[in-house]
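Peer 1: Before I ask anything, let me first share the structure, which is written out below as structure tokens.
Just so it is clear, none of the values below were taken in a lab; they were calculated from the coordinates. Only a predicted model underlies this, so the values are computations on that prediction, with no experimental measurement involved. No Cβ is skipped: glycine too gets one built from the backbone with ideal geometry, and neighbour counts run over all protein chains shown.
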Amino acid sequence: MAPDTGFVQILQYVKRNPKFTKEEFWDQWLTVHAPKFIPFAEGSGIRRYQQVRASGKIVPSWAPELTPPNATPTTEPVEFDGIIMMLVPSLEVFKKAFKHPYFAQVLAPDSAQLLDTDAPGGGIVAALHGTMLACVNDGASVSGVTTKPDDVKKWRRQFEQLSGRIEGLHSRSHPEPDMG
């Protein structure tokens, strides 16, 4: 089993306010909301905050600990326009952070402008969490990721043999994204 990092990964699927196009939403989310969220994350124990520009449909669902007060159960898929990924030391740290006055005074009103508050969950149409297990970090396998390191070596050799046949496919041949 992959090493338990001791962190909890939070995933929130969000639906944009219909007054924005998808591109306008993504721009506002990054250039207006993120600068407001960054000091909140830094000061409240949130170790990582990422925005994923993705869209699709999801059946609204919330982990019991993350259910918003206005969550409306439905079996119909709802469109989403982005995914928030946060890494926190514990659910307790996460829940405590959102009781901070900065959230109520700054972030909640901003989110109400950004998200479709008439959608299930007030625009957070799904929220899930789970233990974060590290398997690959900085392009390399994490020590202790498996009880069978020889299996990893075997599959790495096969990958390298097959990669030699594909132009441009080589481990570490693509620039690494800045993960912060």
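Peer 1: What angle, in degrees between 0 and 90 and rounded to the nearest 10, separates the Cα long axis of helix 149-163 from the longest principal axis of the Cα atoms of the chain?
Peer 2: Taking Cα atoms only, the helix is inclined about 90 degrees.
Peer 1: What order, most packed first, do the peptides 154-160, 66-72 have when packing is the mean number of other Cβ atoms within 10 Å of each residue?
Peer 2: 66-72, 154-160
Peer 1: In nm, to one decimal, how far is the Ile58 label point from the Glu76 one, both placed 7 Å along Cα→Cβ?
Peer 2: If labels sit at Ile58 and Glu76, their model points lie 1.9 nm apart.
Peer 1: Going by Cα centres, segment 44-109 and segment 5-19 are how many Å apart?
Peer 2: Taking the Cα centre of segment 5-19 as reference, the centre of segment 44-109 is 5 Å away.
Peer 1: So what J values fall out for segment 52-62 if you push phi through Karplus, 6.51 cos²θ - 1.76 cosθ + 1.60 with θ = phi - 60°, rounded to Hz, Gly and Pro as x?
Peer 2: 10, 7, 9, 9, x, 10, 8, 6, x, 7, 9
Peer 1: Determine, from the Cβ-Cβ distance of Val152 and Arg47 and an R0 of 25 Å, the FRET efficiency 1/(1 + (r/R0)^6), rounded to the nearest 0.05. Could you put the intermediate results ahead of the total?
Peer 2: Details: r = 27 Å, r/R0 = 1.07.
That pair, Val152 with Arg47, gives E of 0.40.
Peer 1: Then there's this: Please report, largest first and rounded to whole Å, the three semi-axes of the ellipsoid equivalent to the chain, where each semi-axis is the square root of five times an eigenvalue of the C-alpha gyration tensor.
Peer 2: Taking √(5λ) for each eigenvalue gives 34, 20, 17 Å, largest first.
Peer 1: List the residues whose amide H sits under 5 Å from the amide H of Arg48, counting only those 5 or more places along or on another chain, with H placed 1.01 Å from N in the peptide plane.
Peer 2: Here the answer is Leu87, since their amide H atoms fall under 5 Å of that of Arg48.
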